[in-house]
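Okay, structure first, notes after.
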Amino acid sequence: MKNSGLAKTFGPKARLGTEVVAGVTTFLTMAYIIFVNPDILSAAGMDKTALIVVTCLVTGVITIVTGLVTHTPLAMAPGMGLNAFFAFTLVKNQGITWQIALGIVFISGLFFLILTTLGLRQKLMDAIPAELLDAIAVGIGVFIAFIGLQNMGLVVKNPDTAVAAGPFTPAVLIGLAGLLLMVFLESRHVRGSLLIGIVFATILSIGFGHATLPDRVISLDIDVSPIVARLDIWGALKVSFLAPIFTLMFMDLFDSLGTLLGVAREADMMDADGNVPMLNRLLTVDAGATMFGAFCGTSTTTAYVESASGIASGGRTGLTSVVNGLLFLLAIPLVPLLVIVPSHATAPALIMVGFFMIRNILRIDFRRLEIGFPAFIIIIMIALSYSISTGLAFGFLSYSLMKIFTGRIREISLTLWVINLMCLLFFVV
């Protein structure tokens, strides 16, 4: 099959085989959200079965739209951390109904769309120094690798030291086998090395009894009526809800910006000046995705760092996103089958992605304290706080403080002052 049609639709970098493998790789790496997102949101009293379907639906539709509109290999899905804030902070701790909480999510998405239309989000991006953008990519890489090590079981919780090395259980050994295969194939420049490693680890898991085969392959018991179109926008229009609306805006803003910038370098999406040409479209889709997700019955939808796994497998165009999105839609009746792929089989892919992204650290000049220290703060706080937005907030504030300490306060732009104010409000709220 010739790629002329693909090039016309997705750009000259579109290669059918590579993009399909990349799309499948991204899907397998982030398919855990089909189960994790419903688990978290169901704590708010929402129907879990409907949440599984809606998670697949929203992720599939928005990711396909992202591919077709922006021509980029990025996936959009309900954000981890954002869903926890929704379920545990808004609903369980503050006593807000999940219907009103969905209304809050919708309003925050609407504000995002307004900010994007006015070009304010682009100005926020332009105010961030290039080397801090590299630090974001490195920080996300450490974050992803840390998640992978936890999912594999190689790093576990420890009451005395927070984390520690885990025991070499069969699941860990299977994960390490998959990781070694990925490293070997990558050293041989084999395309789809991450996907091959995931499949290999899954087969080993089945063979040694560490993956549960489903009782059935297809389930057509689909009913989303308990949560779709149940949001209460009018109930969310209260002054008392400005704080959670702002918090969601901040978290989504910097999670999205951090993810988009972090993976942009890996996907060769930046031009010679370090800008992302499709950024405005990406941010518009991101804002619309949050509103669409709230209508369907899920928490804030955002760009996913796991997109980097498909990019690492060679994905460079929107075709990767389309393939990934279609797989999520096909997963709706095939949810029982997805249980076959255990988390310790996808964990090695996350570790490899972390390695690929950490290489951006070579672009950071740590000899310049005014840049090196904020970059260091971003990298370490993204991973240790388990939050991209928190890491960025600490990093941006430390960058401005370094400018003040070195007597160059005039170099802080008005936009960066606004970012600093948002960071302070984030911590206070």
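The values are calculated or read from the model by the stated rules, or taken from the named source; none is laboratory data. A quick note: this is a predicted structure, and the numbers were derived from the prediction, not measured. In this analysis, Cβ positions are derived from the backbone assuming ideal geometry, glycine residues included, and neighbour counts consider all displayed protein chains.
Residues that are aromatic (F, W, Y) and either under 12 Å from P244 (Cβ atoms) or in a loop (DSSP other than H, G, I, E, B) (or both) within segment 64-104 comprise F85, F86, listed in sequence order.
The sole residue among L74, L68, L118, L102 that is without any contact (Cβ under 8 Å) to a residue 12 or more places away in the chain, out of contact with any His (no Cβ under 9 Å at 6 or more places or on another chain) and not hydroxyl-bearing (S, T, Y) is L118.
When A77 is tested against the conditions (1) more than 24 Å from G354 (Cβ to Cβ); (2) modelled with pLDDT of 85 or more; (3) aliphatic (A, V, I, L, M), the lone failure is (1). Looking at T70, T66, T117, just one residue is farther than 30 Å from E19 by Cα and hydroxyl-bearing (S, T, Y), and that residue is T117. Applying a threshold of 6 Å to beta carbon distances and a minimum spacing of six or more residues, or different chains, the list of pairs starting in segment 401-412 at a residue that is closer than 13 Å to I371 by Cβ and without any contact (Cβ under 8 Å) to a residue 24 or more places away in the chain and ending at one that is basic (K, R) and part of a helix (DSSP H, G or I) reads E411/K403. Among the small types (G, A, S) and surrounded by fewer than 20 Cβ atoms within 10 Å (Cβ to Cβ): does that describe S193? Considered against the rule, which asks whether it is among the small types (G, A, S) and surrounded by fewer than 20 Cβ atoms within 10 Å (Cβ to Cβ), S193 comes out as no.
The residues of segment 301-334 that are part of a helix (DSSP H, G or I) and surrounded by fewer than 24 Cβ atoms within 10 Å (Cβ to Cβ), listed by number, are V322, L326, L327, L329, L330. A single member of Q150, Q94, Q99 is in contact with a Lys or Arg (Cβ under 8 Å, 6 or more places away or on another chain), of a type in the set (S, T, N, Q) and either surrounded by fewer than 21 Cβ atoms within 10 Å (Cβ to Cβ) or more than 29 Å from F292 (Cα to Cα) (or both), and it is Q99. Out of curiosity, is L115 more than 17 Å from the chain's Cα centre (by Cα) and closer than 16 Å to T290 by Cβ? Judged against the criteria, L115 is a match. Any residue at all in segment 159-180 that is out of contact with any Cys (no Cβ under 7 Å at 6 or more places or on another chain), hydroxyl-bearing (S, T, Y), at pLDDT 90 or above and surrounded by 14 or more Cβ atoms within 10 Å (Cβ to Cβ)? So far as segment 159-180 goes, yes, one or more of its residues are out of contact with any Cys (no Cβ under 7 Å at 6 or more places or on another chain), hydroxyl-bearing (S, T, Y), at pLDDT 90 or above and surrounded by 14 or more Cβ atoms within 10 Å (Cβ to Cβ).
In segment 278-300, which residue that is touching a strand residue (DSSP E or B) at 6+ places or on another chain (Cβ under 8 Å) and part of a helix (DSSP H, G or I) is modelled with the lowest pLDDT? That would be L282.
Taking segment 114-142 as the range and being at pLDDT 85 or above and surrounded by 18 or more Cβ atoms within 10 Å (Cβ to Cβ) as the test, the residues that pass are A135, V138, G139, V142.
G262 meets each of the listed conditions (1) buried (at least 23 other Cβ atoms within 10 Å of the Cβ); (2) assigned to a loop (DSSP other than H, G, I, E, B); (3) modelled with pLDDT under 75; (4) of a type outside the set (A, V, I, L, M) apart from (2). Scanning segment 81-88 turns up one or more residues that are of a type in the set (F, W, Y) and surrounded by 24 or more Cβ atoms within 10 Å (Cβ to Cβ). Considering only residues of segment 216-257 that are in contact with a Gly (Cβ under 8 Å, 6 or more places away or on another chain) and modelled with pLDDT under 75, which is nearest to G23 (Cα to Cα)? My answer is D255. Close contacts from segment 274-287, counting a first residue that is closer than 19 Å to T301 by Cβ and a second that is modelled with pLDDT of 75 or more and assigned to a loop (DSSP other than H, G, I, E, B), with Cβ to Cβ under 6 Å and a gap of 6+ residues or different chains, come to M278/T72.
No other residue among R367, R363 is touching a residue at least 12 places away in the same chain (Cβ under 8 Å) and among the charged types (D, E, K, R) apart from R363. Scanning segment 378-418 for residues that are of a type in the set (A, V, I, L, M), in a helix (DSSP H, G or I) and surrounded by fewer than 23 Cβ atoms within 10 Å (Cβ to Cβ) gives I380, M381, A383, L384, L397, L401, M402, I404, I409, L414, L416, V418.
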